[in-house]
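The structure appears below as structure tokens.
The values are calculated or read from the model by the stated rules, or taken from the named source; none is laboratory data. All of these numbers come straight from a predicted model, not from anything done at the bench. Glycine gets a Cβ as well: all are built from the backbone with ideal geometry, and neighbour counts include every protein chain shown.
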Amino acid sequence: MSEHRIDPVSEKQPQEDGHRRLFSPSALAGKVVLITGAGRGLGKTMAHALAACGADLVLTARSGEQLAETVDEIEGLGKAARAITADVTNSDDVGSLVEAVISDFGRIDVLVNNAGLNAGYFKNRFEEMPEEQWREMIETNVTGVFLVSKLVGATMLKRGAGKIINIGSLFGVRGSPLRICYSVSKAAVIQMTKTLAAEWAERGVTVNCLCPGSVNMFGDSSDPKVLEINETRRKTIPLGRLGEPGELGPILVYLASDAADYMTGETILIDGGWVLS
């Protein structure tokens with residue numbers, strides 16, 4: 001009898017192709033997905049994961065140059081994507097964006113609310129927080145999600161079907177010094193998720209929230225400053241490492257797929273156990 005051996009999964013494999021190992025290239029075939037903040041960072045990574053599983057993508061961000069780079073990368077993989085520049089805090093921009101998508105594709109099946117300012121954008125003691133910084137963070141991270149969800153949601157409610165995936169953060173469920181502005185904005189996104197899910201469930205629209213923890217967005221950087229920051233972050237994570245951007249792909253694809261039709265109002269943490277520490 002021959003011995004069957006299962007080779008161990010390489011350390012890089014889950015980060016690089018987790019969605020490909022778990023889902024077929026047609027898992028999202030025929031679905032129109034709108035991703036905000038898709039020009040860089042996690043938004044770009046999410047676009048790649050969704051495209052790999054067959055979704056028709058519409059990508060939006062304020063920077064047309066960054067969007068063009070993302071589209072070029074996706075087209076280089078043999079997939080298609082359309083870029084539309086828009087500021088999610090501007091209701092006119094959002095209205096024009098939604099009209100363009102509906103005109104071209106007829107519907108929006110999935111909305112990924114990713115656009116926002118990240119945790120490192122403002123870092124202040126509460127008593128020293130400039131009012132303009134507070135307003136900018138809330139406007140971008142909360143009002144932006146409100147405007148896009150409202151206008152896209154209206155088209156979904158009309159059809160009686162749709163999925164909204166909000167991108168939150170572990171800071172939204174755990175208090176952290178110097179991060180109150182960002183933490184409050186992401187806590188609001190989590191609560192918006194729950195409230196919309198309760199309000200829209202009977203009308204066919206599901207709403208869930210994906211909360212990443214510390215993610216390595218710098219790759220194998222040799223920059224001493226980056227290495228120091230990553231090491232400090234790593235020490236707070238029970239699994240002993242930062243997450244990789246590609247590790248968000250499988251759960252994102254699942255939430256966008258028909259397999260998640262019975263899930264709504266959930267906040268899913270991907271943090272290596274950081275919230276437990």
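Taking GLY116, is it of a type in the set (Gly, Ala, Ser), surrounded by 14 or more Cβ atoms within 10 Å (Cβ to Cβ) and modelled with pLDDT under 95?
Values: of a type in the set (Gly, Ala, Ser): yes; surrounded by 14 or more Cβ atoms within 10 Å (Cβ to Cβ): yes; modelled with pLDDT under 95: yes.
So GLY116 passes the test.
If you check GLY39 against the conditions, is it in contact with a strand residue (DSSP E or B) (Cβ under 9 Å, 6 or more places away or on another chain), of a type outside the set (A, V, I, L, M, F, W, C), in a loop (DSSP other than H, G, I, E, B) and modelled with pLDDT of 55 or more? First the steps, then the outcome.
Numbers: in contact with a strand residue (DSSP E or B) (Cβ under 9 Å, 6 or more places away or on another chain): yes; of a type outside the set (A, V, I, L, M, F, W, C): yes; in a loop (DSSP other than H, G, I, E, B): yes; modelled with pLDDT of 55 or more: yes.
Answer is yes for this residue.
Scan the range 73-92 and give yes if some residue there is in contact with a Phe, Trp or Tyr (Cβ under 6 Å, 6 or more places away or on another chain) and over 13 Å from ILE35 (Cβ atoms), otherwise no. Before the answer, list the steps.
Kept after step one, since they are in contact with a Phe, Trp or Tyr (Cβ under 6 Å, 6 or more places away or on another chain), are these residues of the range 73-92: none.
Looking for residues that are in contact with a Phe, Trp or Tyr (Cβ under 6 Å, 6 or more places away or on another chain) and over 13 Å from ILE35 (Cβ atoms), one finds none in the range 73-92, hence no.
Pairs, please: C-beta under 6 Å, at least 6 apart or cross-chain, first residue more than 17 Å from ALA61 (Cα to Cα) and in the range 122-144, second hydroxyl-bearing (Ser, Thr, Tyr) and outside any loop (DSSP other than H, G, I, E, B)?
Matching pairs, first to second residue: ILE138/SER185.
Checking the condition among the hydroxyl-bearing types (Ser, Thr, Tyr) and in contact with a Lys or Arg (Cβ under 6 Å, 6 or more places away or on another chain), which residue from SER149, SER169 passes? If you could, list the steps in order and put the result at the bottom.
Working: SER149 fails: in contact with a Lys or Arg (Cβ under 6 Å, 6 or more places away or on another chain).
Going through SER149, SER169 in turn, the sole match is SER169.
Going by the structure shown, is LEU255 in contact with a Ser or Thr (Cβ under 7 Å, 6 or more places away or on another chain) and closer than 22 Å to ALA188 by Cα? Spell out how you get there, then give the answer.
On the way: in contact with a Ser or Thr (Cβ under 7 Å, 6 or more places away or on another chain): no; closer than 22 Å to ALA188 by Cα: yes.
The answer is no for LEU255.
Pairs under 6 Å by beta carbon, first residue closer than 30 Å to GLN191 by Cα and among the β-branched types (Val, Ile, Thr) in the range 211-234, partner part of a helix (DSSP H, G or I) and at pLDDT 75 or above, six or more apart or different chains?
That search, which allows pairs on different chains as well, returns VAL215/PRO245.
Give me the pairs, please: first residue somewhere in the range 59-85 and at positive phi and in contact (Cβ under 8 Å) with a residue 40 or more places away in the chain, second residue anywhere and among the hydroxyl-bearing types (Ser, Thr, Tyr) and in a helix (DSSP H, G or I), beta-carbon distance under 8 Å, and either six or more positions apart or on two chains.
Filtered contacts from the range 59-85: no entries.
Which of the residues belonging to the range 179-195 are closer than 12 Å to GLY265 by Cα and either of a type in the set (Ser, Thr, Tyr) or touching a residue at least 60 places away in the same chain (Cβ under 8 Å) (or both)?
Once the filter is applied, which keeps residues that are closer than 12 Å to GLY265 by Cα and either of a type in the set (Ser, Thr, Tyr) or touching a residue at least 60 places away in the same chain (Cβ under 8 Å) (or both), the range 179-195 yields VAL189, ILE190, THR193, LYS194, THR195.
Which of the residues spanning the range 70-83 are farther than 11 Å from HIS48 by Cα and surrounded by 19 or more Cβ atoms within 10 Å (Cβ to Cβ)?
ALA83 - this is the single residue of the range 70-83 that is farther than 11 Å from HIS48 by Cα and surrounded by 19 or more Cβ atoms within 10 Å (Cβ to Cβ).
If I filter the range 192-206 for residues that are in contact with an Asp or Glu (Cβ under 9 Å, 6 or more places away or on another chain) and under 19 Å from GLY41 (Cβ atoms), do I get at least one hit?
The answer is no, given that none of the residues of the range 192-206 is in contact with an Asp or Glu (Cβ under 9 Å, 6 or more places away or on another chain) and under 19 Å from GLY41 (Cβ atoms).
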